[in-house]
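As structure tokens, the structure follows; a few thoughts come after it.
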Amino acid sequence: MSGRNLKTNFDFFRLDTSFFSNKKIKTLRRRYGSIGILTYLYILAYTYGNDGYYLKFKSLDDLSYDIAESINNTQLDRTASVVTECILYLASETTLSEKLLARGCITGENIQRQYIEMCKASKRKVEILPEYRLVDTQLLNTEKIPISSEEMSIY
């Protein structure tokens, strides 16, 4: 019997109770208000809910409008502009990778670390494509996971 297909996305993700106390988050909130916080939360939710640890996009403007539509139905142009500023700010502060952002991909070291922890907690195989990998490969070691959930048969 073969195992299940490798699932890379999650239905939920952990948000630390200290999220709003984080210095980078406080600065983001001061600079961009609720749009900044909602932009970052949207990126996290969309990333973990789709490809797991990265978000590919064709155009930063299109992505910004998608996020703006999700978080604010009024003043769409202004909101999209602020969303773009937030994303660029997050990259400049190393929360997101500037290098990968320039290549049409949103991810960050902490996003990948949390993804790895989520995979380990749910006993999934951890795989991060080398071209997107920002974390030390030692973190990918899954020796502590006795059986991957993708390899178990479900009857």
Using a 1.4 Å probe, how large is the accessible area of Ser92, given in Å² and rounded to the nearest 10?
60
Expected vector for the stretch 44-57, Karplus 3J(HN,Hα) from phi with 6.51, -1.76, 1.60 and θ = phi - 60°, integer Hz, x for Gly and Pro, equals 4, 5, 5, 5, 5, x, 10, 8, x, 9, 8, 10, 8, 9
Using the Karplus equation 6.51 cos²θ - 1.76 cosθ + 1.60 (θ = phi - 60°), what ³J(HN,Hα) coupling, rounded to whole Hz, does each residue of the stretch 13-24 give in order, writing x for Gly and Pro?
9, 7, 10, 4, 5, 8, 3, 6, 8, 4, 4, 5
Over the stretch 21-63, with every protein chain in place, what whole percent of the accessible area is carbon and sulfur at 1.4 Å, could you tell me?
47
Please list, in chain and number order, the residues 5+ apart from Ile106 or on another chain whose amide H is under 5 Å from its amide H, with Hs placed from the backbone.
Leu55, Lys56, Phe57
For the chain, the longest stretch holding no GluC sites (Glu not before Pro) located in a DSSP loop with at most 15 other Cβ atoms within 10 Å is which?
1-92
Would you mind getting the accessible area per residue of the stretch 1-103, heavy atoms of the protein chains only, 1.4 Å probe, in Å²?
61
For Tyr65, the accessible surface traced by a 1.4 Å probe with all protein chains present amounts, in square angstrom to the nearest 10, to 80
Zero-based 5 Å bins, Cα pair distances in the chain, whole percents
2, 9, 17, 20, 19, 14, 9, 6, 4, 2, 0
Distance between the C-alpha centers of the stretch 117-139 and the stretch 50-116? Whole Å please.
21
What pairs from Lys23/Lys120; Lys7/Lys58; Lys58/Lys99; Lys7/Lys56; Lys7/Lys125 go past 20 Å between their alpha carbons?
Lys23/Lys120; Lys7/Lys58
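Counting only protein chains, not ligands or nucleic acids, how are Phe13, Phe20, Phe57 ordered by accessible area (probe 1.4 Å), most first? Intermediate values should be presented prior to the final figure.
Working: Phe13 55, Phe20 100, Phe57 35 Å².
Result of the area sort, largest leading: Phe20, Phe13, Phe57.
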From the phi angles alone, apply the Karplus equation (6.51, -1.76, 1.60; θ = phi - 60°) to the stretch 68-79 and give each ³J(HN,Hα) in whole Hz, x where the residue is Gly or Pro.
4, 5, 6, 10, 7, 7, 10, 6, 4, 4, 5, 4
Not counting ligands, DNA or RNA, and with a 1.4 Å probe, what is Asp51's accessible surface area in Å² rounded to the nearest 10?
60
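222 nm [θ] for the chain, helices only, -39500 (n - 2.57) per DSSP H run of 4+, per residue, to 500? It would help to have the intermediate numbers written out before the result.
On the way: 5 runs with 74 residues, N = 155.
Roughly -15500 deg cm²/dmol at 222 nm, from the helical runs in the chain.
The values are calculated or read from the model by the stated rules, or taken from the named source; none is laboratory data. Predicted, not measured: the structure shown is a model, and the values here were computed from it. Don't worry about glycine lacking a Cβ; one is built from the backbone with ideal geometry, like all the others, and counts go over all protein chains shown. For accessibility, only protein heavy atoms count, side chains too; no ligands or nucleic acids. Shrake-Rupley method; radii C 1.70, N 1.55, O 1.52, S 1.80 Å.
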